[in-house]
Amino acid sequence: MELAAIYHRPNSEWAYMSTPDEFVINLRAKHNDLSKVEILYGDPYDKTLTEANTSKWNYQVKELVKNLRGVSADYWQVKLSIPASRRLAYAFRIYSQESEQFLYDDRKLAPFSETSLHDLVAFRTPYLDPAEITGLPAWVAKTIWYQLMPDRFANGQPTNDKEGTVAWDSEEASATNFFGGDLAGIIDKLDYLQELGVNGLDLTPIFTAYSNHKYDTADFWSVDPAFGNKEDLKRLVDEAHRRQMKVMLEGTFDHLSDFSLQWQDVHKLGAKSRFAKWFKVKAFPVRYTLSADPNYAPDASYAMFANNPHLPKLNLHEKAVQDYLLEVLTYWVQQFDIDAWRIGTADEFPPSFSRRLVAHLNKIKPDFYLVGENNDTGINTEGRPLFNGGVNYPLVEIMKDYFLDEKAAVGWLIEATNTQLMRHANPTLQGMLLSLDGPNSPRLLDLCHQDKQLMRALLAYSFLQIGSPVLFYGTELGLTGASVPANRACMKWKADEQDETMLRFIKVLADFRKAYNPLITKGSYEWGQYSSKYDYLSFTRRLGKQRIFALFNLGYSSIKFVLPANAKLIMSQNMIETDSRLGQYGFVIIEA
């Protein structure tokens, strides 16, 4: 048995409260190294005085189950009831395939014996306070999100078009052109979105800004006039709610536009400005070094977002800034009843401010969903017990590396996926978004090298993963765009420009996800047969007596697959039933 492969970390995603009454414990070991694992557990204070006048811990024994099987490692799991004292002590009794036994506690991994058992120093939890559970609103795990950019989705009110707006889809998308999309246009298309099967709207920034994308917000208190007004937003939220759809607004709150009132005041008055401490200014007057790219400065006398001199960074440790942001984020919840915020670079929020923000929003709306997004690393703010949502970029990149870039073999996909699944507690995974593409990446069809069969296979695979799927507007119609700003093209509303096959596929996929949502979000993940040589993989998702099986073939050769007699075929692609074979980019999903 390889002792170095055995791993557990207390008071982490390896040992956590899943509900007020349940505690989950995980253990890692080398693949196929162990025959059985038991946990010795109980209330640390439940002891009996022996005849030798020593205390003996009264523990119980429960067997762990092999929760995830990998190529190089297996993961074992057990769920325990929390004692009345709300404290747990535990240790592992490990059985190797060679009949060896080991005791693993907080101090040692040693051969199991009466001596090692007598000297046991158990892992111990602190007081397990239910208030420390980062709650996830029940509706979140049931949501399929649709991310859209208002200027490029639909123009429902031409009278609010700003000067210079061009006719819809009359030219290629650029960094500077405007097509007139607005909130009224989104309202007009709510029935379309409902029929598509999505039940969550993710709106990129709608606040007053100079650009067409609005990430360079100048005023967080107003709706950009080109998008309409606050009455339009209220009507959009109300109409969405009437259709049982949720609304999430996006914002980046670590910087402002240089057109903002606050920065203009600093630019004019320097250190005498009442907003001087709002920004990270190194020296006054504020200035930067010009470059060939107007949106890039090699240096400046103030901190910038992404070295963009037009986006000065806020001093998030300044109380006045925190008060301002708290008021802004609260305002749109209180006045317009939005359901969620998606906050960019939220990892830069001081933890104390994040806690204050979460407590404040939960008081206003207990089932509010707060997503912390961080593009630069895989560590999202939901890793801290603060926000209840994040964006699972690491898992998405793993899928892309295997399906799209051919950088990885199937065995690597399995190991990497298992690692990501173990990086977070299951409730945390349920609160994460799965975005295959978006405003700052190539379109999914471009990532798939214009191969729509490959695109459908990847979408089907992603909809089988834990987390809320996110569709970027137009994915269902086959929109393309290999880079920014081409990926932000206008929505195709003319029937002869739409991909009807992809549209039908997305509708079927959404219906499937909704029908099997409890199993996908809470069920076990069991890898089945796979081949790195022939490039196929299979896995089973199971919850109670319900089970679905999925097989994906990315290899050039077709593979043998016989549909079980009593199985229910849910979805498939490139399946040749007469020959019992599955072609390249083929997949089959069945309930069995």
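The values are calculated or read from the model by the stated rules, or taken from the named source; none is laboratory data. Bear in mind the structure is a predicted one, so any value in this text is a computation, not a measurement. Positions of Cβ are backbone-derived with ideal geometry, glycine not excepted, and every protein chain shown enters the neighbour counts. Calculation scope for accessible area: heavy atoms of the full protein, side chains included, ligands and nucleic acids excluded. Shrake-Rupley method; radii C 1.70, N 1.55, O 1.52, S 1.80 Å.
Each Lys and Arg adds +1 at its Cβ and each Asp and Glu adds -1 at its Cβ; summed about the Cα centre, the range 255-315 shows a dipole of about 340 debye.
With the simple model of a label 7 Å out from the Cα in the direction of the Cβ, K277 to T176 spans 4.0 nm.
Accessible area per residue (1.4 Å probe, heavy atoms of protein chains only) ranks R356, R243 as R356, R243, with the largest value leading. In straight-distance terms, cross-link reach from K36 covers every one of the lysines whose alpha-carbon lies under 21 Å from its own, apart from those fewer than eight places away in the same chain; here that gives K62, K66, K79, K108.
Potential lengthening of the chain between D401 and Y556 amounts to 54.0 nm, from the contour at 0.36 nm per residue minus the alpha-carbon distance.
Considering only Cα atoms, the convex hull volume of the range 263-421 works out to 163 Å³ per residue. Partner lysines whose Cα lies under 28 Å from the Cα of K189, excluding those fewer than 8 positions away in the same chain, are identified as K142, K162, K214, K230, K234, K246, K365, K452, K492, K494, K507, K514. Available extension along the chain between R355 and Y331 is 6.9 nm, counting 0.36 nm per residue and deducting the alpha carbon span. Working note: 222 nm ellipticity from helices only, DSSP H runs with n ≥ 4, each -39,500 (n - 2.57), summed and divided by the residues of the chain, gives -7000 deg cm²/dmol to the nearest 500.
Considering only alpha-carbon pairs that sit under 8 angstrom and 6 or more positions apart, the relative contact order computed for the chain is 11 percent.
What share of Cα pairs, in percent, lie more than 17 angstrom apart in the range 3-132? Taking all Cα-Cα pairs of the range 3-132, the fraction more than 17 Å apart is 58 percent. With R₀ fixed at 56 Å, the C-beta to C-beta distance from F284 to A84 puts the FRET efficiency at about 0.35. At R0 = 51 Å, how high is the FRET efficiency between T480 and D265 if r is their beta carbon distance? Nearest 0.05 is fine. Plugging the Cβ-Cβ distance into 1/(1 + (r/R0)^6) gives 0.75. Distant-in-sequence amide contacts of Q147, defined by a placed amide H-H separation under 5 Å and a gap of 5 or more residues or a different chain, comprise D202, L471, F472, Y473. Here is the list for the range 487-535: chymotrypsin sites (Phe, Trp or Tyr not before Pro) lying in DSSP coil, each with at most 16 other C-beta atoms within 10 angstrom of its C-beta, are W493, Y534. Relative protection proxy for 277-287, 224-234, from highest mean packing down: 224-234, 277-287 (other beta-carbon atoms within 10 angstrom). Computed from the Cβ-Cβ distance with R0 of 60 Å, the FRET efficiency linking E497 to K568 stands at 0.95.
Using the 1.4 Å probe convention, the accessible area of the chain works out to 43 Å² per residue with neighbouring protein chains retained. Taking amide H as placed 1.01 Å from N in the peptide plane, the amide H of G389 sits under 5 Å from that of L370, G372, each at least 5 places away or on another chain.
Put simply, when 338-349, 138-149 are sorted by average Cβ atoms within 10 angstrom per residue, most first, you get 338-349, 138-149.
In this structure the amide hydrogen of L314, modeled in the peptide plane, comes within under 5 Å of the amide hydrogens of H255, L256, none closer than 5 places in sequence on its chain.
The label-point distance for K319 and N58, in a model that sets each label 7 Å from Cα toward Cβ, rounds to 5.2 nm. Each principal axis of the Cα cloud of the range 255-315 was taken in turn, and the coordinate range along them, longest first, works out to 32, 18, 17 Å. If you bin all the Cα-Cα distances of the chain at 20 Å, starting from zero, the percentages per bin are 18, 47, 29, 6, 0. Taking the protein heavy atoms of the chain in the context of the full set of protein chains, the accessible area attributed to carbon and sulfur is 50 percent at 1.4 Å.
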